[in-house]
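Engineer: One structure is given below, represented as structure tokens, and several questions about it will come after.
The values are calculated or read from the model by the stated rules, or taken from the named source; none is laboratory data. Here the structure is a predicted model, which is why all the values come from computation and not from measurement. When we count neighbours, we look across all protein chains shown, and the Cβ atoms used for this are built from the backbone with ideal geometry, even at glycine.
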Amino acid sequence: MRETPECVELFGRLLTREIPYDEAEARTAMIAAARETRWRRNQPCDAVVARSSVACVVAGAVRKFALRPSGRRQIVDLIVPGDFLGFGRPDPAFLLEAVSNDTRVACFTRDRIERLTARFPPVSTLMQSCAADAIRRLEHHLLVQSRITAREKVRAYLAEMTRRMKPGRAETVTLPITRYDIADHLGIAVETVSRAMTVLRRRGSIALRTPRDIEIRDPSMLAEGR
């Protein structure tokens, strides 16, 4: 994988977020061990973990979903830059698909990851942290889905995505997904999502600069679910 400023910043941030460490050598080794793949919008990308690989989204986003017997798509996870996938065995019940054009994913074979974790303690810490993050993501999504009304679900979902995309920073976020994806992630109709966002906007809880550019104006939204 080529050492670009973007991947240097990403892996450097990931390696130092748990413990202070001069991550330069570990970061360089991770980048050198990775194979970069690029994907177009809505392109199936199951191949990133089909060969027992561990993968990290570098740019764009990947949706993990299942198809219901009715043909309806149910998104179970959204993997954004800095998130890893492929810790378990590939499950044919779930599919992976790039959300946007120029989605970039760094893939590591199991043996390369094992060598990196043995050589660099921060890589070992990172793998454990990212596996825990994947579980935490699903737990928080269960809390979002357990809300009673559609407006409460959408409100909690937008807050959670803001925390994930910009942890500890501004209250504005550019969502990597459409309202159709939000609907399929929450298990509700896209029209319901649109109505809920309109209500939230009219009440002053959020501002919509564009359909995907969201500003959280109600501080209590970000305080909930922490």
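Engineer: Of the residues in segment 71-95, how many are of a type in the set (Asp, Glu) and not in a strand (DSSP E or B)?
Structural biologist: 2
Engineer: Tell me which residues, restricted to segment 117-128, are out of contact with any Ser or Thr (no Cβ under 8 Å at 6 or more places or on another chain) and either in the same structural domain as residue 198 (by TED's automatic domain parsing) or surrounded by 14 or more Cβ atoms within 10 Å (Cβ to Cβ) (or both).
Structural biologist: Passing the criteria: 120, 125, 126.
Engineer: Still on this structure: Find the residue count for segment 53-77, including only residues that are among the aliphatic types (A, V, I, L, M), in contact (Cβ under 8 Å) with a residue 60 or more places away in the chain and farther than 18 Å from residue 14 by Cβ.
Structural biologist: 2
Engineer: Looking at 112, 137, can you tell me which residue is assigned to a helix (DSSP H, G or I), of a type in the set (D, E, K, R) and over 22 Å from residue 219 (Cα atoms)?
Structural biologist: 112
Engineer: Of everything in segment 184-200 that's β-branched (Val, Ile, Thr) and in contact with a Ser or Thr (Cβ under 9 Å, 6 or more places away or on another chain), which residue is farthest from residue 76 (Cα to Cα)?
Structural biologist: Among them, the one singled out is 199.
Engineer: Continuing with the same structure: Might you let me know whether segment 171-180 holds any residue that is loosely packed, with under 14 Cβ neighbours inside 10 Å, under 22 Å from residue 68 (Cα atoms) and in contact with a helix residue (DSSP H, G or I) (Cβ under 8 Å, 6 or more places away or on another chain)?
Structural biologist: yes
Engineer: Now for a separate question. Does at least one position in segment 147-163 carry a residue that is at pLDDT 90 or above and at positive phi?
Structural biologist: Checking segment 147-163: not a single residue is at pLDDT 90 or above and at positive phi.
Engineer: Out of (1) touching an Asp or Glu at 6+ places or on another chain (Cβ under 6 Å); (2) surrounded by 19 or more Cβ atoms within 10 Å (Cβ to Cβ), what's the single condition that is false for residue 12?
Structural biologist: Single failed check for residue 12: (2).
Engineer: Filtering segment 197-218 down to residues that are in a helix (DSSP H, G or I) and more than 23 Å from the chain's Cα centre (by Cα), which residue is surrounded by the fewest Cβ atoms within 10 Å (Cβ to Cβ)?
Structural biologist: By that ranking, first place goes to 202.
Engineer: Filtering segment 26-70 down to residues that are exposed (fewer than 13 other Cβ atoms within 10 Å of the Cβ) and not in a loop (DSSP other than H, G, I, E, B), which residue is farthest from the chain's Cα centre (by Cα)?
Structural biologist: The extreme case among them is 32.
Engineer: Another question about this same structure. Yes or no: segment 167-183 includes at least one residue that is out of contact with any strand residue (DSSP E or B) (no Cβ under 8 Å at 6 or more places or on another chain), modelled with pLDDT under 90 and part of a helix (DSSP H, G or I).
Structural biologist: Checked against the condition, which is being out of contact with any strand residue (DSSP E or B) (no Cβ under 8 Å at 6 or more places or on another chain), modelled with pLDDT under 90 and part of a helix (DSSP H, G or I), segment 167-183 yields no hits at all.
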